[in-house]
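These notes concern the structure reproduced below.
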Amino acid sequence: MKTTVDVVLPFYNPPSGWMESVVERFSALQKLRSDYDFHLILVDDGSNLALGDVDLRQFFEQKKINASYMCHAENRGKGAALRSGIAASEAQFTIFTDIDFPYENESVLDILEALLGGSDIAIGHREQDYYASVPWFRKGMSEWFRFLLKKVLRFPISDTQCGLKGMNLSGRKVFLQTKINRFLVDMEFIKRALKSPQIKLSTVVVRLRSDVTFSKMGGSVILREGINLLRILFI
């Protein structure tokens with residue numbers, strides 16, 4: 001019997017050609033491990049695009065991709081979109097990443113191997129070579145946040161925001177306890193996991209694809225996440 005894996009992809013106003021890109025990346029992942037039964041869960045977080053439910057379902061069905069689709073009526077944030085997708089997951093393991101599959105497929109499989117090895121939650125960890133291809137502003141923000149976590153807050157995990165994580169049923173229950181709707185849901189998830197002594201959490205070194213295009217991060221996002229950081233500290 002095949003190991004079942006749900007891959008949750010939240011998205012908001014994705015770039016042109018995104019559906020074809022998802023098919024390409026997901027098909028390549030399936031070919032790497034045909035002994036896994038992969039299923040996509042696409043969560044549209046209120047995109048301002050003509051993405052009808054029927055159109056999307058038909059597109060992926062025609063491409064022979066096992067996928068399901070849900071849509072928020074308005075934009076609620078990454079955390080809210082992930083909770084919707086993870087709540088719908090019924091597979092043995094659930095992985096979430098970004099709509100452009102920014103990490104190498106081998107890294108996705110490494111996350112799965114950690115789960116198969118007994119971890120309830122496996123989180124991606126980006127090493128220093130990750131920053132070689134990252135825009136200077138994003139690099140500076142990431143390095144500052146890592147410094148804050150490690151030196152100031154004494155948080156045991158220095159890379160909370162890597163966009164590749166996986167979990168089993170126990171891990172899903174922890175994620176569904178999260179409250180934050182935006183990007184720092186990753187940090188909240190990890191903190192809740194660390195506070196649960198029965199949860200086994202492991203870190204996995206992951207690698208970025210060489211052709212990834214980074215999105216811009218505005219000042220309003222940074223301000224809002226600062227408020228969410230304070231909320232997490234008191235969990």
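Here are a few things to note about the model shown:
- Every residue from the range 83-110 that is aromatic (Phe, Trp, Tyr) and either part of a loop (DSSP other than H, G, I, E, B) or open to solvent by less than 10 Å² (accessible area, probe 1.4 Å) (or both): Phe96, Phe101
- Residue in the range 45-72 that is most open to solvent (accessible area, probe 1.4 Å), counting only those that are farther than 21 Å from Val5 by Cβ and within 21 Å of the chain's Cα centre (by Cα): Cys71
- Residue in the range 20-30 that is touching a His at 6+ places or on another chain (Cβ under 7 Å) and surrounded by 20 or more Cβ atoms within 10 Å (Cβ to Cβ) present: no
- Matching entry among Ile41, Ile121 (being farther than 22 Å from Leu208 by Cβ, among the hydrophobic types (A, V, I, L, M, F, W, C) and surrounded by 16 or more Cβ atoms within 10 Å (Cβ to Cβ)): Ile41
- Any hit, the range 145-160, residues being touching a helix residue (DSSP H, G or I) at 6+ places or on another chain (Cβ under 8 Å), at pLDDT 90 or above and either surrounded by fewer than 19 Cβ atoms within 10 Å (Cβ to Cβ) or part of a strand (DSSP E or B) (or both): no
- Members of the range 1-36 found to be touching a Phe, Trp or Tyr at 6+ places or on another chain (Cβ under 8 Å) and aliphatic (A, V, I, L, M), listed by number: Val5, Val7, Val8, Leu9, Met19, Val22, Val23, Leu29
- Any hit, the range 44-55, residues being out of contact with any helix residue (DSSP H, G or I) (no Cβ under 9 Å at 6 or more places or on another chain), among the β-branched types (Val, Ile, Thr) and modelled with pLDDT of 90 or more: no
- Scanning the range 5-41 for residues that are under 15 Å from Leu109 (Cβ atoms) and either in a helix (DSSP H, G or I) or among the polar types (S, T, N, Q) (or both) gives Arg25, Phe26, Ser27, Ala28, Leu29, Gln30, Lys31, Leu32, Ser34.
The values are calculated or read from the model by the stated rules, or taken from the named source; none is laboratory data. Being a predicted model, the structure only gives us computed values, none of them experimental. Cβ atoms come from the backbone with ideal geometry, glycine included; neighbour counts cover every protein chain shown. Remember, those area values only see protein heavy atoms, side chains included, never the ligands or the DNA or RNA. Shrake-Rupley method; radii C 1.70, N 1.55, O 1.52, S 1.80 Å.
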